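Working notes for the structure below.
Please treat every number below as a calculation from the coordinates, not as lab data. Since this is a predicted model, take the numbers as computed values, not measurements. Counting neighbours? That spans all protein chains shown, and the Cβs are built from the backbone with ideal geometry, glycine included.
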Amino acid sequence: MGLLEIFVVFVISWLIVFLPILSMGTRSQHEADAVIPGSERGAPEKISWRPKLIIATAGAALITLALWMALYFHWLDFALPKS
């Protein structure tokens, strides 16, 4: 697996991990009783970006590492037909 493939796997896995995490721990303006006039009531009051970015980056790094190890150490060779 070359550097380009590692980068592509990292970016895709980062997005797959980040998108579900994005809504975790956020409160809507309606729940916080702080609705800004002219905005949607369900809009988030405040988003804490730093922990979400760190978790997404760590998760993507683990996924990328696991895939690289599986390919490098031939752990998935049982799925290939022997010729």
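How long is the gain from ILE6 to LEU62 if the chain were fully straight, where each residue apart is worth 0.36 nm and the alpha carbon distance is subtracted?
On the way: separation 56, 0.36 × 56 = 20.16 nm, distance 1.20 nm.
The ILE6-LEU62 span can extend by a further 19.0 nm.
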### Task
Would you mind computing, in nm to one decimal, how far apart the modelled labels at GLU45 and HIS74 are, each placed 7 Å from Cα along Cα→Cβ?
5.7
### Query
Quick one: Debye curve from the C-alpha atoms of the chain, no solvent, what's log10 I(q)/I(0) at q = 0.10, 0.24, 0.27 Å⁻¹?
-0.43, -1.06, -1.17
## Note on the structure
Between SER23 and VAL35, the two model label points (7 Å from Cα along the beta-carbon direction) sit apart by a distance in nm of 2.0
### Task
Quote the charge dipole size of region 23-72 about the Cα centre in Debye, to the nearest 20; the model charges only the Cβ of Lys and Arg (+1) and of Asp and Glu (-1).
160
### Message
For a quick check: with amide H placed at 1.01 Å from N, whose amide H comes under 5 Å from SER28's, ignoring anything fewer than 5 positions away on the same chain?
### Response
GLU45
